[in-house]
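To keep things clear, I will list the structure first and then write my remarks on it.
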Amino acid sequence: MKIADFNFAGKKAIVRVDFNVPLDENGNVTDDTRIRGALPTLKKVLADGGALIMMSHMGKPKGKVNEKLSLSQIVPNVSAALGVEVKFAKDCGNASEEAAALKPGEALLLENLRFYPEEEGKPVGVEKGTPEYDAAKKEMKGRQQEFAKKLASYADCYVMDAFGTAHRKHASTAVIDEYFDKDHKMLGYLMEKEVHAVDAVLGNIKRPFTAIMGGSKVSTKIGIIENLLTKVDNLILCGGMTYTFAKAQGGHIGLSICEDDKLDVALDVIKKAKENGVNLVLGTDSVCGDAFKNDCNTQVCPSGAIPEGWEGMDAGPETRKLFANAIKGAKTILWNGPAGVFEFDNFAGGSKAIAEAIAEATKEGAFSLIGGGDSVACINKFGLADQVSYISTGGGALLEAIEGKVLPGVAAIEA
């Protein structure tokens with residue numbers, strides 16, 4: 001079933017959204033990209049004359065109630081974005097009354113799904129790898145099924161529109177679908193766009209193809225890096241990863257972040273890039289600081305010759321030129337992860353140089369896909385969001401899709 005073909009008139013729709021938005025210490029939303037991303041789907045339900053039930057997680061409360069992660073904090077933002085006063089159900093697992101009372105054109109937001117361990121389906125308080133864990137896991141599977149059934153009971157149809165969690169086999173993403181027939185479950189508009197964007201990058205690669213992978217750790221990106229080495233023409237590796245590569249090649253990196261157990265992996269990536277004829281672009285110089293704060297002392301050093309007591313915190317001027325050259329002229333661009341500690345204005349230059357080069361290449365006809373929370377925050381910080389082709393709401397889900405993995409949240413609807 002396609003959402004465009006479905007009429008929600010007189011029906012209650014339960015929509016899995018991704019409202020896992022960043023909050024400041026006072027519980028105020030600092031970036032509402034994910035709320036805005038869900039609007040086309042949510043407004044379609046209401047415009048058709050349906051009743052809307054939204055469900056989401058926030059953060060990692062690990063199956064326990066945590067007021068700092070309560071979705072009640074975002075009700076004003078969702079109400080303002082939707083143009084409807086959103087009601088709130090304080091307990092997502094016991095919201096039958098609130099759901100039943102909902103009239104056409106009304107909207108209800110359920111409390112954080114992850115306040116229930118059944119959402120993630122992981123046993124709590126039992127050590128992994130023990131016989132007790134296996135028994136608890138089996139028991140939890142049954143409880144997860146019941147929890148999904150309860151959520152499904154609130155509505156007549158189910159819409160999966162949370163790309164950010166589509167790679168998780170959770171109750172609300174890949175179990176609840178079992179309680180709706182194929183004509184009453186569907187992907188939302190956002191999910192459809194996300195799936196098409198990934199297809200545009202991988203199914204129809206226009207060359208040259210440049211991928212930019214940033215972030216602090218090689219370990220979290222190694223699967224995608226190895227996959228990209230068989231697809232791209234240029235691969236830029238930046239951010240904290242720079243220093244694992246610099247050390248692997250015999251460099252001195254001072255206090256810079258480094259995964260000492262991944263030095264052989266870094267060398268293997270360099271070797272594979274050569275074998276596949278991929279232009280691997282690593283930072284040659286860095287802006288270094290003598291403390292992890294915005295207003296520390298700074299100096300520019302070669303990335304493999306950082307003095308003791310200093311740490312690399314951003315790509316240096318020469319590196320920025322290398323990055324811009326590798327992006328210039330590209331026809332397909334994928335960016336995931338910043339080039340430095342972009343939250344500090346004094347260390348945002350490398351990420352800004354990447355963002356500007358991508359915007360320029362997009363203007364010249366490239367298809368550019370930006371994904372992952374930090375990259376999205378970067379592009380928004382520099383005011384360039386409207387100058388790239390597509391901004392993905394999912395980090396992990398996007399990477400797994402590009403790695404070629406089947407996303408449970410998509411498979412559940414398409415099965």
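Odds and ends about this structure:
- Filtered residues of region 374-399 (kept if touching a residue at least 60 places away in the same chain (Cβ under 8 Å), of a type in the set (G, A, S) and in a helix (DSSP H, G or I)): S375, A377, G396, A397
- Filtered by the rule that a residue be open to solvent by less than 50 Å² (accessible area, probe 1.4 Å), closer than 30 Å to V124 by Cβ and either over 20 Å from the mean Cα position of the chain (by Cα) or hydroxyl-bearing (S, T, Y) (or both), region 45-71 gives I53, S56, G63, S70.
- With respect to the conditions (1) touching a Lys or Arg at 6+ places or on another chain (Cβ under 9 Å); (2) surrounded by 18 or more Cβ atoms within 10 Å (Cβ to Cβ); (3) farther than 23 Å from G37 by Cα; (4) not aromatic (F, W, Y), T393 lacks only one, and its number is (3).
- Test: residue in region 358-365 that is crowded, with 17+ Cβ neighbours inside 10 Å and in contact with a Cys (Cβ under 9 Å, 6 or more places away or on another chain): no
- Per-region count, region 172-229, residues within 19 Å of Y390 (Cα to Cα) and among the charged types (D, E, K, R): 6
- Pick from region 291-307, criterion of a type in the set (A, V, I, L, M) and touching a strand residue (DSSP E or B) at 6+ places or on another chain (Cβ under 8 Å), ranking: surrounded by the most Cβ atoms within 10 Å (Cβ to Cβ): I306
- Close Cβ contacts (under 7 Å, 6 or more residues apart or on different chains) running from residues in region 16-35 that are closer than 22 Å to K185 by Cα and of a type in the set (D, E, K, R) to residues that are open to solvent by 30 Å² or more (accessible area, probe 1.4 Å) and assigned to a loop (DSSP other than H, G, I, E, B) comprise R34/N20.
Yes/no matrix, rows are residues, columns are (1) in contact (Cβ under 8 Å) with a residue 60 or more places away in the chain; (2) within 24 Å of V281 (Cα to Cα):
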site	(1), (2)
Y158	yes, no
D177	yes, no
Y189	yes, no
A197	yes, no
V201	yes, yes
R207	yes, yes
K221	yes, yes
K231	no, yes
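- Subset of region 256-290 that is surrounded by 19 or more Cβ atoms within 10 Å (Cβ to Cβ), in contact (Cβ under 8 Å) with a residue 40 or more places away in the chain and hydrophobic (A, V, I, L, M, F, W, C) - its residue that is nearest to P208 (Cα to Cα): V278
The values are calculated or read from the model by the stated rules, or taken from the named source; none is laboratory data. Owing to the predicted nature of the structure, the values given are computational and were not obtained by experimental measurement. All Cβ positions, even for glycine, are placed from backbone atoms using ideal geometry, and neighbour counts span all protein chains on display. Just the protein is used for accessible areas: all its heavy atoms, side chains included, with ligands, DNA and RNA removed. Shrake-Rupley method; radii C 1.70, N 1.55, O 1.52, S 1.80 Å.
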